[in-house]
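The values are calculated or read from the model by the stated rules, or taken from the named source; none is laboratory data. Keep in mind it's a predicted model, so treat the numbers as computed, not measured. Neighbour counts run over all protein chains shown; Cβ positions are idealised from the backbone, glycine included.
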């Protein structure tokens, strides 16, 4: 599990720090895939299936299509921004390492009091029952969000009538 | 609190730090969207860890699915806005989005 969490953090760093947007989008897909493995290991197959199909699949496709519709910068522009970019992102690895050290330092004194993982799970069959029977308000909200998204796409991608 | 949940909290806080840093520092609209995605992954991680900790995976999974739907809708609408900005300005850099400047 620690390796998977480390993989999550490394791929998130790659998303933010890699210069090429296509590679950054692929790194985000890798991040989603690692999160899917974590969800499966924690016995959440429903959420894992959604994460894999929607986040690692659909969102990556949307990102890559959008990136391919935009123009790449010229070599002169890239060289011009390279130095400034390095200067802006040099702090990030240091911040991550500092936060990691702080987290471990805060955790270590309480290590003896922590209970081991492995909390009893509810029956797998109850998961879908909770989703359909207890969370109807969420379902309604999701339907409204999907309709709002469709409306938004129709408005934003509408061709202008003006000549 | 279990050791696993503590590790999840540390991992999620690192993801949130990376995402916020990306949003604050970068000037590319697409990369800002990618950073927002990292933030939602952190929320997903905490949510599922909390479900595992309390033994209520059904509720946690339904929340995660709701988050994923919201995430996709956010992404689609933001992509539409981004595409419109690109058509108007020919660039995805935020420092060139100054059409409303007096």
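One line per residue, one yes/no per condition, for (1) modelled with pLDDT of 90 or more; (2) surrounded by fewer than 22 Cβ atoms within 10 Å (Cβ to Cβ):
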residue: B:3; (1), (2): no, yes
residue: B:6; (1), (2): no, yes
residue: B:20; (1), (2): yes, yes
residue: B:24; (1), (2): no, yes
residue: B:27; (1), (2): no, yes
residue: B:30; (1), (2): no, yes
residue: B:37; (1), (2): yes, no
residue: B:53; (1), (2): no, yes
Query raised in the report: Which is in contact (Cβ under 8 Å) with a residue 60 or more places away in the chain and within 9 Å of chain A (Cβ to nearest Cβ), of B:92, B:74?
Result: B:92
Query - All helices (runs of 4 or more DSSP H) inside segment A:1-60 with 3 or more residues being closer than 21 Å to residue A:100 by Cβ and touching a helix residue (DSSP H, G or I) at 6+ places or on another chain (Cβ under 9 Å) - result: A:2-17, A:21-41
Requested in this report: Please state which one of B:47, B:30 is farther than 17 Å from residue A:38 by Cβ and assigned to a helix (DSSP H, G or I).
Outcome: B:30
Report task. Give me a count of the residues in segment A:26-49 that are within 7 Å of chain B (Cβ to nearest Cβ), more than 17 Å from residue B:46 (Cβ to Cβ) and either crowded, with 22+ Cβ neighbours inside 10 Å or modelled with pLDDT of 90 or more (or both). Result -> 1
Report task. Take segment B:1-46 and flag every residue that is farther than 20 Å from residue A:21 by Cβ and more than 7 Å from chain A (Cβ to nearest Cβ). Result -> B:5, B:8, B:9, B:12, B:16, B:42, B:43, B:46
Query - residue B:42, sole failed condition from (1) part of a helix (DSSP H, G or I); (2) modelled with pLDDT under 85; (3) over 18 Å from residue A:63 (Cβ atoms) - result: (2)
